[in-house]
1. Compare the Cα positions of A:F182, B:G148, B:G50 along the charge dipole of the protein assembly as shown (+1 at Cβ of Lys, Arg; -1 at Cβ of Asp, Glu; about the Cα centre) and return the one farthest towards the positive end.
2. What's the magnitude of the charge dipole for the range B:123-189 around its Cα centre, counting Lys and Arg as +1 and Asp and Glu as -1 at the beta-carbon? Answer in Debye, nearest 20.
3. Give me the percent relative contact order of the range B:62-145, please, defined on Cα pairs under 8 angstrom at least 6 residues apart.
4. Name the long-range amide H neighbours of A:T68: under 5 Å, sequence gap of 5 or more, or other chain; modelled H, no Pro or chain starts.
5. Which positions within the range A:154-172 get 20 Å² or more of their accessible surface covered by the other protein chains, compared to the chain by itself, with a 1.4 angstrom probe?
6. Could you give the C-alpha radius of gyration of the range A:1-131 expressed as a fraction of 2.2 N^0.38 Å, taking N as the number of residues it contains?
7. Considering only DSSP beta bridges with both partners in the range B:62-163, what is the antiparallel share in %, to the nearest 5?
8. What does the buried accessible surface come to for A and B, summed over both chains, with the probe at 1.4 Å? Round to 100 Å².
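The values are calculated or read from the model by the stated rules, or taken from the named source; none is laboratory data. Since this is a predicted model, take the numbers as computed values, not measurements. Cβ sites come from the backbone with ideal geometry, for glycine too, and all protein chains shown count toward neighbours. Heavy atoms of the whole protein, side chains included, go into the accessibility calculation; ligands, DNA and RNA do not. Shrake-Rupley method; radii C 1.70, N 1.55, O 1.52, S 1.80 Å.
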Amino acid sequence: MASSSQLSQSKIDPSVFQRLHPRAYLERFLSEGIRPDGRDPGAWRGVSVNVGSISTAEGSALVRVGDTTIVCGVKAEIAEPELDRPEHGFLVPNIDLPAMCSPRFKPGPPGEEAQVLSDRLNNVLISLEVLSTASLCIHPGKAVWVLYVDATCLNYDGNAFDATLLAMIAALKNTKLPMAKFNEETGRTTCSHSSSVPLDIRHLPLSASFGIFDSSHILADPASFEEPLLDAFITVILNEDGALNSIAQSGLATVGEKSSEEVVAGCVAEAKKRCADTRKCI
Amino acid sequence: MASFDRRRINGPEESRPPVFDDEIDSSPSNLTTREGRSPKDIRPIFLTPGLISQANGSAYIETEKTKIACAVYGPRQIKNAPYNEVGKLNVEVKFAPFSCTRRRAPMRDAEDRSTGVLIHQALVPSLRLELLPKSCIDVFITILENDGLEGCVASGSVAASTALADAGIEMFGLVTSCAGITMEKDIWLDPTAEEATQARGCFTLACMPALGAITSVWQTGQMTADEIIQCTEECQARCKDIHDVVATALLNSRSTKG
């Protein structure tokens with residue numbers, strides 16, 4: 001491996017250096033206390049949320065976290081409930097990372113990253129009881145609502161999890177279901193355009209993600225250039241009253257002199273501030 | 001209707017879209033005069049190039065209820081393929097699950113592929129593919145909201161051509177596209193989904209206004225030969241207007257980029 005003095009002597013264009021030696025490129029920036037996109041290591045990207053723009057969906061949201069763009073739409077359909085849960089509806093979240101959002105993704109069925117994201121989001125929405133599935137019941141044992149929450153990434157610039165969770169929560173908050181009546185004689189459900197009911201949302205969890213580089217720097221809200229170079233990831237999910245819902249950590253979280261408990265505690269404190277800011281957008 | 005897809009979170013085996021009682025009672029109203037605009041008016045177009053930073057070129061187009069995002073990657077190398085003298089254009093269209101009144105399965109189906117073929121047909125004559133041997137250009141189109149298939153094909157072609165220009169791919173001219181329908185006596189341009197269902201025939205034209213060349217024509221339904229000629233002329237005139245919109249949008253985005 002070339003030493004840093006050898007690298008500094010050769011004259012290379014910065015963008016070429018970024019492609020050939022991404023790790024050294026990031027190290028050079030962090031040694032000055034700044035990241036390649038100009039942020040401080042602990043700084044977050046701006047968030048913008050736009051709800052209700054898609055008329056064909058019962059609820060929709062478009063979220064931009066920096067350059068990462070996620071569109072989420074909620075479609076409602078009617079189905080028979082499961083036999084052992086006759087009074088509960090279904091909530092089916094999915095995220096699609098199509099080939100258009102980044103050169104990393106190939107066209108075709110969902111790859112590993114999309115499957116992992118979908119699974120994590122499913123765990124958050126179901127286990128934290130964001131929505132009461134009992135409120136989706138139209139007639140016990142016969143007809144319940146199924147909410148398909150489909151998110152598509154249009155531009156992938158890192159940290160898709162935070163953006164997608166925000167998009168799904170904003171879309172669910174925006175969703176209105178038509179009033180449904182179940183006809184016992186015909187066994188059919190009819191809905192009316194005239195009145196619609198918002199969903200019974202119990203909690204609004206939001207997340208904040210961090211990455212650890214080289215066991216020496218904590219980077220908040222990693223961008224797509226930084227993500228493959230990070231050793232560990234920490235995601236903190238907080239509720240609307242600032243209560244901690246879950247912490248997910250993959251990889252060793254020791255940073256310099258600090259132990260992993262201190263690092264995680266520090267991340268939780270930062271996450272509280274971030275989620276309070278993001279919550280103002282929805 | 002969903003089959004078990006082991007790569008996605010699945011809902012119940014079978015679910016149906018909601019049936020509305022006001023739809024059962026009333027039949028669709030017969031449109032004799034157009035509501036809100038004159039037969040030859042097209043809806044205002046909102047077009048922004050360069051929205052997707054990860055792609056070589058991109059565009060987002062919005063006309064009232066049609067919203068389409070397009071990204072272009074290329075020219076890039078074709079791996080594991082024999083030598084090709086002329087570059088390949090690969091157009092992939094995907095309707096988002098929430099884009100239509102009835103939810104669409106996440107897997108690509110026949111409608112996605114045929115829309116892709118139509119857009120491919122509109123774009124290929126405009127590109128200088130002979131300058132790109134061994135390469136392919138990937139155009140990915142995601143339809144976020146669908147207001148009629150003709151509208152999607154037309155807007156998709158415009159977005160794809162803008163994205164290709166944004167990516168700096170050499171071309172003979174920008175491709176713009178316009179759709180028209182024949183109602184009882186009139187020809188209405190830029191139909192909505194509701195208008196298209198009641199039309200006798202539909203006609204979608206793609207052309208390069210800079211060269212005055214037509215690149216693709218897609219006609220369905222009943223139209224007399226005279227109506228087809230009239231449609232061609234009217235769509236071409238509108239395509240010229242759309243070309244101005246596209247050119248202005250590209251120039252503005254370049255001037256802000258510096």
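1. It is B:G50, whose Cα lies furthest towards the positive end.
2. Charge dipole, the range B:123-189, about its Cα centre: 260 debye, nearest 20.
3. 58 percent
4. Under 5 Å from the amide H of A:T68: A:D157.
5. A:L154, A:N155
6. Against the empirical 2.2 N^0.38 Å value, I get 1.56 for the range A:1-131.
7. The antiparallel fraction comes to roughly 60 percent.
8. 3900 Å²
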